[in-house]
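*Asks:* Please read through the structure below; I'll follow up with questions.
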Amino acid sequence: MIQQARQILQDTFGYSQFRPLQGEVIKKVLDKKDSLVIMPTGGGKSLCYQIPSMIFEGVTVVISPLISLMKDQVEQLDEFGVPAIFLNSTLTPEQYQYNVSRLRSGEVKMLYVAPETLMMESTRRLLSDLNVDCFTIDEAHCISEWGHDFRPEYRQLASVRKDFPDAVCLALTATATPRVRDDIQQILEMRDSEVFVASFDRKNLLLKVADKENPTDQILDFLYTRPNQSGIIYCFSRRQVDELYGDLKHEGHSVRPYHAGLSESQRTNNQDAFIKDDARIIVATIAFGMGINKPDVRFVIHHDMPQNIEAYYQQIGRAGRDGLQADCLLLYSYSDKQKIQYFINQKEGSEKEVAEKHLADLINYLEYDGCRRIPLMKYFGEDYGKEECGMCDNCLRQKGDLQDYTEQAQKYLSCVVRTGERYGAHHVADVLRGSKAKKILQLKHDELTTYGIGMEWSKNQWIQLSRLLIRRGYLEKDPEHGSLFLSDDAKKVLKGEERVEGILDRTQTSTGEDSRPRTTSDVENKHNVHLFEELRKKRKELADEQDIPPYVIFPDTTLMEMSYYFPQTEESLLGIYGVGSSKQKKYGAHFLKIIRDFSEKNDIEERSQSIQKKVKKTSSKQKHDLVGEEYNSGKSIEHLAEQFGVKSVTILSNLKKYLDEGNSIDPAGVLEASELSQRKIDEVYASMKKVGPEMLKPVYEDLNKTVDYNELRILQLAYMAKNGN
Ligand code: ADP
Ligand code: ZN
């Protein structure tokens, strides 16, 4: 039977392999053994009952709490050519009757039903006439009071279940706590059931935490480099949602707001626009997300700190369900932490204790220096077992980024002491920088020994350092006045017993480095983006004609494979991910035509192994030639600096010389050395275009001195590399 399941996986759904545990679960269900399946969002729970339902003779009843999800599932199954219906309160009497008659005729494999509909006498009578082979309970945690989403009507499912002793029971959830797990098994009286727990690690999510400084700018920087992607931005309050929504809209982004203060119809409208790719971005409170099945959400941003790790993981879990890479960015600020602390302080007893623990776990995650998956997986009771994931900010950070700031920390901490521990970060920085501001002179802070001892750094750097010291617990900040004072641990730094290492600027949300591929998938990295866009357009057109979301037709992965393999025949199209026989029939011709036309126009053949090899030129070699060649072979500037034992600037000037002599170099690798956001980079480029890239001073002036010479040198090289010398 499992062979038959595999066949269905390939023929109907167009997938070549089971995801972890799917095969095992399906086998159990087909053997009529009760099972409880715990998988993270996007793990692939649905196929666990959808495939068996197509093998069973009778019908599979799927209990689902969310009406929007039911509709979405049925639409998707329809596209795969699987007969499924739903019964709930949104149907007109005619639709309802029609669905019932289809069910009676025995053609329907799956019935989706809301628990309250299931409990109705008429539904129970209807079901008693049918041959029910499987009872599936989706979002099974709703049955437990210990879950985050208890629904009393779920409790009664146990009694319905008894009406069908021959049906196998399959419970599915993404909530992993043992308490909830026990409740589900007990309440549903699952007979010697097996529990399947999948790993909670979502490998394709890139996890990033940045210091919140100018959140709107930071988010604009982030969005700038992701022009066609869908994403969700979570804010703490409705007001914040409205504000950010306004700002993003003003900047020309395709965006909609979502929160409980909007009318029901506005909310539905905005959600629909997001699902149908009419709006790219949703700015929302946590009210948004339940019942969203959109697989191609490419990023989730937290503008404010989430309530706890569980909520955070659930929210970022909405990204990248299709298995393609997705970004999760959290903007973290000390004052957000204090805000949450303030709410916790209003609580009492065990409730307060739990909240304190949740906050501590979250802070631990946010402050963590090593691979972020280690504390995250630990929270879910899983041992990550590796030291690096390669898909979080800490793992991706280059080794040289971590620096020793002990000396500056000592200066800063002493200056906080000298000024009486009564002032904020800005004032302390001003004193260190020897500012002649009125306030400083009035307070006679220009007479302190720490006055003017920090000229080597900009004010901004000192402020960043103060944040690092707060993060490390050496400094504390008065929640009301913002004044800084020392913790006990600070003494150890002042005495030189502890060193302060860290990263100063953690505000970047998007740097040149971001353009580097993070996955080894050639389909993801090297598909033809022009064809991909054409296919997307077609998909949207077909979706609108039928008023369904585009992803229901094909997920992005399918279109990417099409634009990588360039299938020319119906047969090779069937080999593409997500193309089953039903979709082939319905859409194959539309997409094939586009692929064929594109291939012909651009002289592209169906994917073969031919790889263009560049022939290297050799000539009399000087150092800069060597550097240039090594660089072109794929080494990073950092790597070369280490290899040649020189500073990065020297490598840059070698590369400049190499370029000036008429060679070409790849600009992308140069940009990796830059810390600027892509938006800023483009601003600099625009200026170079205007005043010419050869001399840096005019560019510096043109940009009102906002970009320093180090950065300009990098960008000059990148600009020249890009535009040919
Ligand atoms: P969950 O319910 O666990 O959140 P879904 O069942 O919605 O996850 O599956 C997430 C996505 O993964 C869907 O788009 C689904 O079609 C896809 N998927 C599921 N199983 C496979 C598989 N074996 N191979 C490829 N894609 C799969
Ligand atoms: Zn990591």
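The values are calculated or read from the model by the stated rules, or taken from the named source; none is laboratory data. Owing to the predicted nature of the structure, the values given are computational and were not obtained by experimental measurement. Cβ coordinates were reconstructed from backbone atoms using ideal geometry, including for glycine residues, and neighbour counts include every protein chain displayed. The area values use the complete protein model at the heavy-atom level, side chains included, leaving out ligands, DNA and RNA. Shrake-Rupley method; radii C 1.70, N 1.55, O 1.52, S 1.80 Å.
*Asks:* Taking helices (runs of 4 or more DSSP H) that do not extend beyond segment 378-459, which have at least 1 residues that are under 30 Å from M39 (Cα atoms)?
*Replies:* 393-396
*Asks:* Within segment 543-574, track down each residue that is without any contact (Cβ under 8 Å) to a residue 60 or more places away in the chain, within 17 Å of L531 (Cβ to Cβ) and open to solvent by 10 Å² or more (accessible area, probe 1.4 Å).
*Replies:* E561, Y564, Y565, F566, Q568, T569, S572
*Asks:* Of all the residues that make up segment 539-579, how many are under 19 Å from K294 (Cβ atoms) and away from ligand 1 (no atom under 16 Å from the Cβ)?
*Replies:* Residues in segment 539-579 being under 19 Å from K294 (Cβ atoms) and away from ligand 1 (no atom under 16 Å from the Cβ): 6 in total.
*Asks:* Something else now. Read through the list (1) modelled with pLDDT under 90; (2) of a type outside the set (S, T, N, Q); (3) open to solvent by 30 Å² or more (accessible area, probe 1.4 Å); (4) farther than 29 Å from A668 by Cα, then give the number of the only condition that I470 fails.
*Replies:* If we test I470 against (1) modelled with pLDDT under 90; (2) of a type outside the set (S, T, N, Q); (3) open to solvent by 30 Å² or more (accessible area, probe 1.4 Å); (4) farther than 29 Å from A668 by Cα, just (3) comes out false.
*Asks:* Just to be sure, is L87 touching a residue at least 24 places away in the same chain (Cβ under 8 Å), away from ligand 2 (no atom under 16 Å from the Cβ), touching a strand residue (DSSP E or B) at 6+ places or on another chain (Cβ under 7 Å) and of a type in the set (A, V, I, L, M)?
*Replies:* Taking the combined requirement at face value, the residue satisfies it.
*Asks:* Conditions first: (1) out of contact with any strand residue (DSSP E or B) (no Cβ under 8 Å at 6 or more places or on another chain); (2) within 16 Å of ligand 1 (Cβ to nearest atom); (3) assigned to a helix (DSSP H, G or I). D322 passes all but one, so which condition is the exception?
*Replies:* For D322, the failing item is (3).
So that you can scan it fast, the table gives a plain yes or no per residue for (1) farther than 30 Å from Y96 by Cα; (2) open to solvent by less than 40 Å² (accessible area, probe 1.4 Å):
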site	(1), (2)
C134	no, yes
P165	no, no
L205	yes, yes
N214	yes, no
D217	yes, no
N228	yes, no
D242	yes, no
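*Asks:* Please state which of the following conditions L396 fails to meet, knowing it meets all the rest: (1) out of contact with any Cys (no Cβ under 8 Å at 6 or more places or on another chain); (2) closer than 18 Å to D505 by Cβ; (3) without any contact (Cβ under 8 Å) to a residue 60 or more places away in the chain.
*Replies:* Only one criterion is unmet by L396, namely (3).
*Asks:* For segment 56-75, name all the residues that are out of contact with any Lys or Arg (no Cβ under 9 Å at 6 or more places or on another chain), open to solvent by less than 40 Å² (accessible area, probe 1.4 Å) and polar (S, T, N, Q).
*Replies:* Scanning segment 56-75 gives S64, Q73.
*Asks:* Let me ask something else about it. Output the residue which, of all residues in segment 293-308 that are at pLDDT below 90 and away from ligand 1 (no atom under 12 Å from the Cβ), is most open to solvent (accessible area, probe 1.4 Å).
*Replies:* Q307
*Asks:* Can you confirm whether P115 is free of Cβ contacts under 8 Å to residues at least 24 places away in the same chain and more than 16 Å from ligand 2 (Cβ to nearest atom)?
*Replies:* no
*Asks:* Here's something else I'd like to know. Going through E541, E498 one at a time, which residue ends up being within 30 Å of L413 (Cβ to Cβ) and outside the structural domain of G14 (by TED's automatic domain parsing)? Reasoning before the result, please.
*Replies:* Details: E541 fails: within 30 Å of L413 (Cβ to Cβ).
Just a single option satisfies the conditions, and that option is E498.
*Asks:* Give the residues of segment 673-695 that are open to solvent by 60 Å² or more (accessible area, probe 1.4 Å) and under 29 Å from the mean Cα position of the chain (by Cα), sorted by residue number.
*Replies:* E675, R679, E683
*Asks:* Turning to a different aspect of this structure: Looking only at segment 473-484, filter to residues that are in a loop (DSSP other than H, G, I, E, B) and touching a residue at least 12 places away in the same chain (Cβ under 8 Å); which one of those is surrounded by the most Cβ atoms within 10 Å (Cβ to Cβ)?
*Replies:* Top of the filtered list is Y474.
*Asks:* Of everything in segment 1-55, what is more than 20 Å from S582 (Cβ to Cβ), among the small types (G, A, S) and at pLDDT 90 or above? Give them in sequence order.
*Replies:* Residues satisfying the conditions are G23, S35.
*Asks:* Which of the residues spanning segment 128-166 are hydroxyl-bearing (S, T, Y) and part of a strand (DSSP E or B)?
*Replies:* T136
*Asks:* Which of the following residues is surrounded by fewer than 20 Cβ atoms within 10 Å (Cβ to Cβ), without any contact (Cβ under 8 Å) to a residue 24 or more places away in the chain and acidic (D, E): E121, E79?
*Replies:* It is E121.
*Asks:* Ok, one more. Of all the residues that make up segment 254-292, how many are in a loop (DSSP other than H, G, I, E, B) and open to solvent by less than 20 Å² (accessible area, probe 1.4 Å)?
*Replies:* 7
*Asks:* Is it the case, given these coordinates, that I51 is over 27 Å from Q156 (Cβ atoms) and of a type in the set (V, I, T)?
*Replies:* Judged against the criteria, I51 is a match.
*Asks:* Still on this structure, please answer the following. What residue, among those in segment 352-382 that are over 17 Å from A311 (Cα atoms) and modelled with pLDDT under 90, is nearest to ligand 2 (Cβ to nearest atom)?
*Replies:* For segment 352-382, the residue satisfying everything is G370.
*Asks:* Would you confirm whether any residue within segment 342-356 is more than 16 Å from ligand 1 (Cβ to nearest atom), among the basic types (K, R), within 25 Å of E480 (Cβ to Cβ) and surrounded by fewer than 17 Cβ atoms within 10 Å (Cβ to Cβ)? Talk me through it step by step, then tell me what you get.
*Replies:* Our first condition is that a residue be more than 16 Å from ligand 1 (Cβ to nearest atom); within segment 342-356, this holds for 342-356.
The next check asks that each one be among the basic types (K, R); those that pass are 347, 352.
The next check asks that each one be within 25 Å of E480 (Cβ to Cβ); those that pass are 347, 352.
Next cut, surrounded by fewer than 17 Cβ atoms within 10 Å (Cβ to Cβ) only: 347, 352.
So far as segment 342-356 goes, yes, one or more of its residues are more than 16 Å from ligand 1 (Cβ to nearest atom), among the basic types (K, R), within 25 Å of E480 (Cβ to Cβ) and surrounded by fewer than 17 Cβ atoms within 10 Å (Cβ to Cβ).
*Asks:* Can you tell which of Q22, Q4, Q17 is out of contact with any Ser or Thr (no Cβ under 9 Å at 6 or more places or on another chain) and more than 14 Å from ligand 1 (Cβ to nearest atom)?
*Replies:* Residue meeting the stated conditions: Q4.
*Asks:* Would segment 225-242 turn up any residue that is assigned to a helix (DSSP H, G or I), under 19 Å from the mean Cα position of the chain (by Cα) and of a type outside the set (V, I, T)?
*Replies:* No: segment 225-242 contains no residue that is assigned to a helix (DSSP H, G or I), under 19 Å from the mean Cα position of the chain (by Cα) and of a type outside the set (V, I, T).
*Asks:* Going by the structure shown, is I286 of a type outside the set (K, R), modelled with pLDDT of 90 or more and closer than 23 Å to T175 by Cα?
*Replies:* Numbers: of a type outside the set (K, R): yes; modelled with pLDDT of 90 or more: yes; closer than 23 Å to T175 by Cα: yes.
Against the criterion (of a type outside the set (K, R), modelled with pLDDT of 90 or more and closer than 23 Å to T175 by Cα), I286 qualifies.
The rows are residues; the columns are (1) more than 15 Å from E139 (Cα to Cα); (2) not in a loop (DSSP other than H, G, I, E, B).
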{"residue": "V180", "(1), (2)": "no, yes"}
{"residue": "E189", "(1), (2)": "yes, no"}
{"residue": "D192", "(1), (2)": "yes, no"}
{"residue": "K203", "(1), (2)": "yes, no"}
{"residue": "V209", "(1), (2)": "yes, yes"}
